[in-house]
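Some notes on the structure that comes next.
The values are calculated or read from the model by the stated rules, or taken from the named source; none is laboratory data. Since this is a predicted model, take the numbers as computed values, not measurements. Neighbour counts run over all protein chains shown; Cβ positions are idealised from the backbone, glycine included.
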C-alpha cells in the first residue's frame, strides 16, 4: 500500500525547515465558531511538500476535548486511543507530584491542561512573515470568539528559535537519529520503519492503532497522535555538574577535556554527535552524523557507552530486551530550543529549554514505553538486579525508589566501574498536551458546517 504524502501534515513527513516556531494555544466555546476557525486555518496548514514553497506556514493539532468541542460524533470518538482521550498522565510521564515537574504547576499555573482544545504551530525563517501569520490566525480566533491561552506569566508566547548548528542548550547536536520511514509497502528498504507507526488509518495486526476500522478509521486516515512537551533545561546545574565531576572522574585529562568526556558519557554521543561506540576517546567530525552502530556486539559491557546514557536508554538498538518490552519503540521527534543561551556559569533565572513534539500512532506502546524506560531502566538484562537506575540526562530524580547513581563501566581504578552519586535534575516539565494532527480529509471534515 502506498500513501499520498500530500494527505498528511508537513511536520509528519519531515522536520520543518524553519528557524523559528511559535505555538498558539486555543480553547473552543461553541462548535460552529470552532469549525469556522478551522475552516480559516486550512489554507495556512501545510501538507507534506508544501512547506518548502512558503515563507510561513501552520500545522495544527487538537486535543480529545477539542474534537468533542468541534462536534465530532461521540460514537466515533469512542474508537479513538484511550490514552489520547485521557490526556497526559504525570505518573506515566515521570512528572512526579510534588516535584518541579508536577502537572499541577504546568503552564505556569495560568490554565489547566484540559482547557486547551487546539495548538497551532507557526513556522518560518522570517520574523516579519511569522508575525504576519500570527496576526492572521489571531484575527480569525477573535472573529469567532475563540479563547487564546497564554502560557507565560509575563504574557509572552511560547516560541522556539534555532541556536545555530542544530545545537541545544546543553551543547549537544540534535536531530541526528530520525527514523528512516518507509512510506509505502512496495519499496521498503532494510532498516526502515513502517509508516503505520506514525500515520493513523492503516492499522494491521502487526501495526495496531486506534481507531482501527470503520468510519472512525476512515475519518482519521492520514492523521497522527502527538505529545507536545515544554521542557526546561537547567543549564547552570548541568555546567556546574560537568565542571565538578569531570576532573574527578578523569584526572588524567585537562579539565575542559574531562568535562567533555563526562558530557559524552551522559548522552552516549560527543556533543558534536559522534557516537561513543564508534569513537570512545574523542569526537570525530567524520562520524558526527553516524547512526550505523549497535551495542550487543560493539559495546556489550557499556565501557564505551554507559547503559544509562540517554541515547542508549531511548534507543537500545540491538541490545537485548526483556520479553515484556518486545521491541524498541519508535517516535518521530520534532523540536526547537527556546530561550537565549546562558551567558557565563551562574543561573540568570531566564526560562530556556526545548519545545518538543513526539509523533506516533500508539501513545501507550510508543510514548509511555519510552518515558517509563527513562524513569526506570528495567527493560533489559544489562541492568542486572538494579533496575531502578535512570536516564542520565532527562529523568526525574524525585521518582519514589529511584536510584540516582550513574555507573561508568571501565572508568574506575584497575578497570572497574566509576560511579557518580546522586545525579541532579537537569530538566523539568512545564507543560504537556496530547494532540491529534489531522490529515487533509479529517481537517476538511472538521471544518464542515
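Numbers at a glance
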| item | result |
| --- | --- |
| Selected residue [under 24 Å from residue 349 (Cα atoms), exposed (fewer than 15 other Cβ atoms within 10 Å of the Cβ) and not assigned by TED's automatic domain parsing to the domain that holds residue 239] from 161, 153 | 153 |
| Output for segment 275-289, where each listed residue is without any contact (Cβ under 8 Å) to a residue 60 or more places away in the chain and within 21 Å of the chain's Cα centre (by Cα) | 275 |
| Selected residue (criterion: nearest to residue 370 (Cα to Cα)) from residues of segment 405-420 that are under 26 Å from the mean Cα position of the chain (by Cα) and surrounded by 19 or more Cβ atoms within 10 Å (Cβ to Cβ) | 406 |
| Residue within segment 420-432 that is touching a strand residue (DSSP E or B) at 6+ places or on another chain (Cβ under 7 Å), closer than 18 Å to residue 241 by Cα and without any contact (Cβ under 8 Å) to a residue 24 or more places away in the chain present | no |
| Tally of residues being surrounded by fewer than 19 Cβ atoms within 10 Å (Cβ to Cβ) and not in a helix (DSSP H, G or I) across segment 1-15 | 5 |
| Residue satisfying all of: in segment 294-332; in contact with a strand residue (DSSP E or B) (Cβ under 7 Å, 6 or more places away or on another chain) and more than 23 Å from residue 418 (Cβ to Cβ); surrounded by the most Cβ atoms within 10 Å (Cβ to Cβ) among these | 331 |
| Filter result (out of contact with any strand residue (DSSP E or B) (no Cβ under 7 Å at 6 or more places or on another chain) and surrounded by fewer than 21 Cβ atoms within 10 Å (Cβ to Cβ)) within segment 30-47 | 30, 31, 32, 33, 35, 36, 39, 40, 42, 43 |
| Filtered residues of segment 284-293 (kept if in a loop (DSSP other than H, G, I, E, B) and surrounded by 17 or more Cβ atoms within 10 Å (Cβ to Cβ)) | 288, 290, 293 |
| Boolean, residue 344 is closer than 30 Å to residue 152 by Cβ, surrounded by fewer than 22 Cβ atoms within 10 Å (Cβ to Cβ) and modelled with pLDDT under 95 | yes |
| Residue in segment 214-223 that is surrounded by the most Cβ atoms within 10 Å (Cβ to Cβ), counting only those that are assigned to a loop (DSSP other than H, G, I, E, B) and more than 19 Å from the chain's Cα centre (by Cα) | 222 |
| Failed item, numbered, when residue 177 is tested on (1) modelled with pLDDT of 95 or more; (2) crowded, with 16+ Cβ neighbours inside 10 Å | (1) |
| Members of segment 430-449 that are touching a helix residue (DSSP H, G or I) at 6+ places or on another chain (Cβ under 7 Å) and surrounded by 20 or more Cβ atoms within 10 Å (Cβ to Cβ) | 430, 431, 432, 433, 434, 436, 437, 438, 439, 442, 443, 446 |
| Condition met for residue 35 (assigned to a helix (DSSP H, G or I), at pLDDT 95 or above and either over 30 Å from residue 204 (Cα atoms) or over 24 Å from the mean Cα position of the chain (by Cα) (or both)) | yes |
| Evaluation of residue 216 against (1) touching a strand residue (DSSP E or B) at 6+ places or on another chain (Cβ under 8 Å); (2) touching a residue at least 60 places away in the same chain (Cβ under 8 Å) (one fails), failing number | (1) |
| Residue under evaluation residue 139, criteria (1) loosely packed, with under 15 Cβ neighbours inside 10 Å; (2) outside any helix (DSSP H, G or I); (3) modelled with pLDDT of 95 or more, criterion not met | (2) |
| Residue count for segment 224-245, restricted to those that are touching a strand residue (DSSP E or B) at 6+ places or on another chain (Cβ under 6 Å) and outside any strand (DSSP E or B) | 1 |
